[in-house]
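Report on one structure; see the data block that follows.
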4 protein chains.
Amino acid sequence: VTVRPGFVTRLATAHPGDTSAFAGAGVAPSEVVAVVGKTEGNGCVNDFTRMLAASAWGGTVGPQAVTVMSGGTEGVLSPHVSLVVAGDDGAAAGPGRCLVVGSTATVPIAPVDLGRSAQTDAVAAAVTALLAGIPPDDVHLVLVKCPLLTSDQIEQHRDAVITTETYESMAASRAASAAGVVAALGEPGPWSAVASASAGYELDCCSIVALAMAEGGHARQRIAHTVMADALDAGPVIDLLAQVRGAGGRVVQVFAKAEADPSGSVRGRRHTMLTDSDVHSTRHARAAVGGLLAGLTGEPAIYVSGGAENQGPPGGGGVTVVWEAP
Amino acid sequence: VTVRPGFVTRLATAHPGDTSAFAGAGVAPSEVVAVVGKTEGNGCVNDFTRMLAASAWGGTVGPQAVTVMSGGTEGVLSPHVSLVVAGDDGAAAGPGRCLVVGSTATVPIAPVDLGRSAQTDAVAAAVTALLAGIPPDDVHLVLVKCPLLTSDQIEQHRDAVITTETYESMAASRAASAAGVVAALGEPGPWSAVASASAGYELDCCSIVALAMAEGGHARQRIAHTVMADALDAGPVIDLLAQVRGAGGRVVQVFAKAEADPSGSVRGRRHTMLTDSDVHSTRHARAAVGGLLAGLTGEPAIYVSGGAENQGPPGGGGVTVVWEAP
Amino acid sequence: VTVRPGFVTRLATAHPGDTSAFAGAGVAPSEVVAVVGKTEGNGCVNDFTRMLAASAWGGTVGPQAVTVMSGGTEGVLSPHVSLVVAGDDGAAAGPGRCLVVGSTATVPIAPVDLGRSAQTDAVAAAVTALLAGIPPDDVHLVLVKCPLLTSDQIEQHRDAVITTETYESMAASRAASAAGVVAALGEPGPWSAVASASAGYELDCCSIVALAMAEGGHARQRIAHTVMADALDAGPVIDLLAQVRGAGGRVVQVFAKAEADPSGSVRGRRHTMLTDSDVHSTRHARAAVGGLLAGLTGEPAIYVSGGAENQGPPGGGGVTVVWEAP
Amino acid sequence: VTVRPGFVTRLATAHPGDTSAFAGAGVAPSEVVAVVGKTEGNGCVNDFTRMLAASAWGGTVGPQAVTVMSGGTEGVLSPHVSLVVAGDDGAAAGPGRCLVVGSTATVPIAPVDLGRSAQTDAVAAAVTALLAGIPPDDVHLVLVKCPLLTSDQIEQHRDAVITTETYESMAASRAASAAGVVAALGEPGPWSAVASASAGYELDCCSIVALAMAEGGHARQRIAHTVMADALDAGPVIDLLAQVRGAGGRVVQVFAKAEADPSGSVRGRRHTMLTDSDVHSTRHARAAVGGLLAGLTGEPAIYVSGGAENQGPPGGGGVTVVWEAP
């Protein structure tokens, strides 16, 4: 499996199990390589909206597609899915550089391997295979949906697992997955500018979706990315959006990572995301960065994922824009 | 009591009871007319960080000052207080139009009057007296700290109170307070562009702080406001900040209101703030709008208050900027 | 449809979508009249674990069964389902008074009818039909799963719905459902000692399950109920359990209702369930009463449902015990 | 400082800063050795109700008293304080074995020492000094209020602190404190049957309160303890209460520890306290065990503290009863 020319299209959902919009999307199920969704759970350990959505969409589009469901639509963020489709978007564009897409999955990650080099290696190998022939600079987004440790698994392997806290296992899994992307793309590290990892209860392997630019397709869509240095770093996003508009483009979808600055402050000001025992920091970060990106783009149905270990600089994160050329 | 030339200065706080920064602020306690703070509680009924901060700052600056403590520093927002000071900011500005400030309080609002016309009338009368001689168009911010109904009060007056839900009583109190500002300033209504009301357990009257422009002072600070039509409405804020920068000014502080759009959607996209039974909608709204405003200004220690009943259009809210002329 | 001799059996679940234990239960899908479950969501508006469980179990046992999924396994409560089965439990008991079971459903409840007499009447009619020929004193549990108002429905019918708050709509729906049980059984009112209503997003009609005692069956199981006057009222439960043990019986399952005392205090002591803006009162009540009942019975996989409007006296609730005779 | 004959008396509080009941308690401030309270915050890192209460009560009773404020009154638990008083309770009892009380504090615990042997040693030394001359078997409760790590401290000492998570630091601090009690009393370990530790933001040393039985006083109050093996273990509590009643006694106050079973299950049934990312496990555990103990005693204004590391067996906890002889 490798990447092919394709496109992204967004569908609204009325609840996590809602796939009713697919019927009107004009997309053949067999062409869907991934369903990348935001669901309205807490995005943490006991967020079963991801499982509900993954089950509903898996049944709708078929087993050739991976599902990457990211919980948490805090603030203005709006629940939706992005279909990643390998195929013609119906627009008559001449052959040239355009968006290419693809998906794959690793073997199951054993609980004792979660968050460790075995997971990193598995992700790296899968990403390398999927993106064969694509220069790393042309890769703008690698989504990874990865497992977490359940209470049961922790109890069974208490002395061998990387952490005995389920919530912490999500961070460890994201970090190891992103490290796999760093290795596959030869990024300088320790963090990746294009990896976006999300952990969940609903799978035991790592599902991977890659979006890149490549020659030779007829697709109208393009992709580019930038990096926010911290959660207030609007400048690079404003610049990227200006480039798209300058090219006469229309923004199709935005994919971003967000996290609470691990230092406990942003630009010298104390934040309280890491000391709030009522609301997890990933929820805070999605709400804040989601509010900023939705304001800058005018669109709340965007993909903002929390917990950015090895995904962008500490406290910051990558921002990828898929857009349609005129 | 009426408004006088003055200034605003911001102090960071290490926790809700922390007043240690006051000693280095170079402000005489007697000149402080108000301490307007953001504390790190949930901003809802059982947020006692407001009480802790009000008690600590009341003891520090003395009884001539009112305290307006607004709970909730979700996302990137940073706990702080803004001292509102009547007096000279030390800058040698010639006499001219400048920031004027003042504070006052109503009589106690009886539980059965909360959220009703008696509260509105009390606020209107107090605002009118405080701003005597100031044209309504020169008024850019009227902060109101107002009471809520406690479980005890609801139990004692169950058949006479406006609501039997403590959380709902906060909204009713904010709405009645803002209506008082509308009446005092002769705004077209039903909502005020400059009112910012916050309800809390820690007082039984309404505390009021007004900031306006007026002739004749030597102060260097200025004030202006705009209105966000919804939580994504970055445009008016970008414009206002450009005006300040165009005048060579430096932003001193931002005061904003935010709320979850009561329609359940923003720009046609469903949001989940009103159906999240784990995190109240006011928390979501502060996080999202706080994320946007902090990104646009580069400053997270700003005042973003949730629950905007009658304070800006539905789903939107007023944004006031205090700035210092060159 | 009427009630028939049957039995209750409990199955543990590893997550809300887990039906794997059914295969080993030795129960024919066609004999199942209801699946009554506790799932691990928040039990409030955005608890999609109920939808996930209802979908999974509906697919497993077939359309003749109703699913009553109640969210919230706070504290020691353990996620599980109780299969309510019409049929022989395999025990060789002579004919006599024993447990009889049945289920039915009302027509869909229109959003404008939710919480109103139309809902009450629909539930009353369905309960009356289901329990035809059973004296009211022999009825020990009537479970009702009823709809709530979604944000969409509220927006579409804003002036006609009983409340514009989704969370409040759950209470209104439970209250109207329980009033239907009161009417059907001729209870003195306003509350029912045997109704147990739970609202959810996942259905638009009211599903009803009834358990009673009747003559003539060969089943080994029996049923009885009592009422807790408040959340501390262990006495009646201790007495009922002693009766079961005195008869040589073994407790099969417990079904209970719990709520925060609406007065704001229990036995003259202030509680904080109604003023906690981080955790809804229904969650608190389930945790506390669940902790007491689990301690008294030694079993945490019991059905404790929150929000007891018209279901037991204010602050209290009914407790039903299904048990197996020796 | 050592322990002296004394008594415990309970006062209700209307909010965390409320000390108004003290005026009517008939207790001289100088006789108070400790104020042990339950406040209505989340009991976790950002629970500032403890700070508010500690400040208010410290100002009321004076510096000779330590304040032990434990956050979290989930479920039916009711906010209150227990005054621990060294002195005559006004009852005419002959000299004999009775309750003795005392309090002390360690030196400040440096952030890098928190959760480590230095903290354990400091607590052990202080407890040993305070209880000089009392046989370990006569000690029935040692309350320890201990510090936690703040974000600031973690940032300053990132490579040297025991954990970089504020919430985790509370557990580490409680564990080290309890280990100090084990050492001082020569308990077999690893856990103490009488230690009750609570971590908080509001202090930097460990405050210690000890209650024991000793010869020679005229006080009417007595003290005894038992241990719950798990959160459902009602039996030992029922037995202890029966002993008190059998002696004609009246329960004055109950002090208990509670925690989510770290195995993820209770009596073979999966619980969800450790996987709930919306509500911390300590809140769940207090609600459940509080519900059970309040039901068994008929009193919700009892001291149930969450997080029982080294305080009772895993998943269980000690229960101490102070009672008044006839």
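The values are calculated or read from the model by the stated rules, or taken from the named source; none is laboratory data. Keep in mind that what you see is a predicted model, and the values were worked out from it rather than measured. Glycine gets a Cβ as well: all are built from the backbone with ideal geometry, and neighbour counts include every protein chain shown. When the accessible area is computed, the model is the full protein with side chains, heavy atoms only, and any ligands, DNA or RNA have been set aside. Shrake-Rupley method; radii C 1.70, N 1.55, O 1.52, S 1.80 Å.
Name, by its number, the condition in (1) within 22 Å of D:Glu309 (Cβ to Cβ); (2) part of a helix (DSSP H, G or I) that does not hold for D:Thr164.
(2)
If you check every pair at least six apart or on different chains, which have Cβ atoms under 8 Å apart with a residue in segment B:48-68 that is in contact (Cβ under 8 Å) with a residue 60 or more places away in the chain first and a residue that is of a type in the set (Phe, Trp, Tyr) and part of a helix (DSSP H, G or I) second?
B:Thr67/B:Trp57
Search segment B:127-138 for residues that are farther than 12 Å from B:Val181 by Cα and pair each with any residue that is open to solvent by 60 Å² or more (accessible area, probe 1.4 Å) when their beta-carbon atoms are under 6 Å apart and the residues are at least 6 apart or on different chains.
Here the result reads B:Ala132/B:Thr2, each pair linking segment B:127-138 to a residue that is open to solvent by 60 Å² or more (accessible area, probe 1.4 Å).
Out of B:Ser55, B:Ser70, which single residue is open to solvent by 10 Å² or more (accessible area, probe 1.4 Å) and among the small types (Gly, Ala, Ser)?
B:Ser55
The rows are residues; the columns are (1) among the aliphatic types (A, V, I, L, M); (2) at pLDDT below 95; (3) under 24 Å from C:Thr226 (Cα atoms).
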| position | (1), (2), (3) |
| --- | --- |
| C:Ile109 | yes, no, no |
| C:Val112 | yes, no, no |
| C:Gln119 | no, no, no |
| C:Val123 | yes, no, yes |
| C:Val127 | yes, no, yes |
| C:Ile134 | yes, no, yes |
| C:Asp137 | no, no, yes |
| C:Gln153 | no, yes, no |
| C:Arg158 | no, yes, no |
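For (1) more than 14 Å from chain A (Cβ to nearest Cβ); (2) within 27 Å of B:Ala53 (Cα to Cα); (3) touching a helix residue (DSSP H, G or I) at 6+ places or on another chain (Cβ under 9 Å), each residue gets a yes or a no:
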site	(1), (2), (3)
D:Thr2	yes, no, yes
D:Val8	yes, no, no
D:Thr13	yes, yes, yes
D:Pro16	yes, yes, yes
D:Val36	yes, yes, no
D:Glu40	no, yes, yes
D:Cys44	no, yes, yes
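Say whether the condition of being of a type in the set (S, T, N, Q) and under 19 Å from D:Val252 (Cβ atoms) is met by at least one residue in segment D:105-126.
Checked against the condition, which is being of a type in the set (S, T, N, Q) and under 19 Å from D:Val252 (Cβ atoms), segment D:105-126 yields no hits at all.
Any idea which of C:Ser151, C:Ser173, C:Ser117 is of a type in the set (Ser, Thr, Tyr) and crowded, with 24+ Cβ neighbours inside 10 Å? Give the steps one after another, and end with the answer.
Details: C:Ser151 fails: crowded, with 24+ Cβ neighbours inside 10 Å; C:Ser117 fails: crowded, with 24+ Cβ neighbours inside 10 Å.
The conditions single out C:Ser173.
Within segment A:266-278, take every residue that is more than 8 Å from chain D (Cβ to nearest Cβ) and assigned to a strand (DSSP E or B) and give me the one that is most open to solvent (accessible area, probe 1.4 Å).
Checked segment A:266-278; the qualifying residue most open to solvent (accessible area, probe 1.4 Å) is A:Arg269.
Quick test for you: out of B:Asp233, B:Asp239, pick the one residue that is within 14 Å of another protein chain (Cβ to nearest Cβ) and more than 30 Å from C:Ser277 (Cβ to Cβ).
B:Asp239
Restricting to segment D:281-308, and then to whatever is surrounded by fewer than 24 Cβ atoms within 10 Å (Cβ to Cβ) and assigned to a loop (DSSP other than H, G, I, E, B), can you tell me which residue is farthest from the other protein chains (Cβ to nearest Cβ)?
Result: D:Glu299.
Of all residues in segment C:14-24, which are in contact with a strand residue (DSSP E or B) (Cβ under 6 Å, 6 or more places away or on another chain) and open to solvent by 10 Å² or more (accessible area, probe 1.4 Å)?
Residue satisfying the conditions is C:Ala21 alone.
Just checking, how many residues over segment D:176-213 are open to solvent by 10 Å² or more (accessible area, probe 1.4 Å), closer than 19 Å to D:Asp137 by Cβ and outside any loop (DSSP other than H, G, I, E, B)?
5
So, of the residues in segment A:18-34 that are among the β-branched types (Val, Ile, Thr) and in a strand (DSSP E or B), which turns out to be farthest from the other protein chains (Cβ to nearest Cβ)? Before you say what the answer is, go through the steps one by one.
Taking segment A:18-34 as the starting set, the residues that turn out to be among the β-branched types (Val, Ile, Thr) are A:19, A:27, A:32-33.
Then keep just the ones that are in a strand (DSSP E or B); that gives A:32-33.
Values: A:Val32: 22, A:Val33: 25 Å.
Filtering segment A:18-34 for residues that are among the β-branched types (Val, Ile, Thr) and in a strand (DSSP E or B), the one farthest from the other protein chains (Cβ to nearest Cβ) comes out as A:Val33.
Collect the residues in segment A:130-148 that are open to solvent by 10 Å² or more (accessible area, probe 1.4 Å) and in a strand (DSSP E or B), keeping them in residue-number order.
A:His140
How many residues are of a type in the set (A, V, I, L, M), closer than 18 Å to B:Leu211 by Cβ and in a strand (DSSP E or B) when one looks only at segment B:222-246?
3
Suppose we filter segment D:214-227 for residues that are of a type outside the set (Gly, Ala, Ser) and either buried (at least 24 other Cβ atoms within 10 Å of the Cβ) or at pLDDT 95 or above (or both); how many remain?
Number satisfying all stated conditions: 6.
Hey, does segment B:312-325 have a residue that's within 8 Å of another protein chain (Cβ to nearest Cβ) and either buried (at least 24 other Cβ atoms within 10 Å of the Cβ) or among the acidic types (Asp, Glu) (or both)? Reasoning before the result, please.
Just the residues of segment B:312-325 that are within 8 Å of another protein chain (Cβ to nearest Cβ), to begin with: none.
No, the conditions are met nowhere in segment B:312-325.
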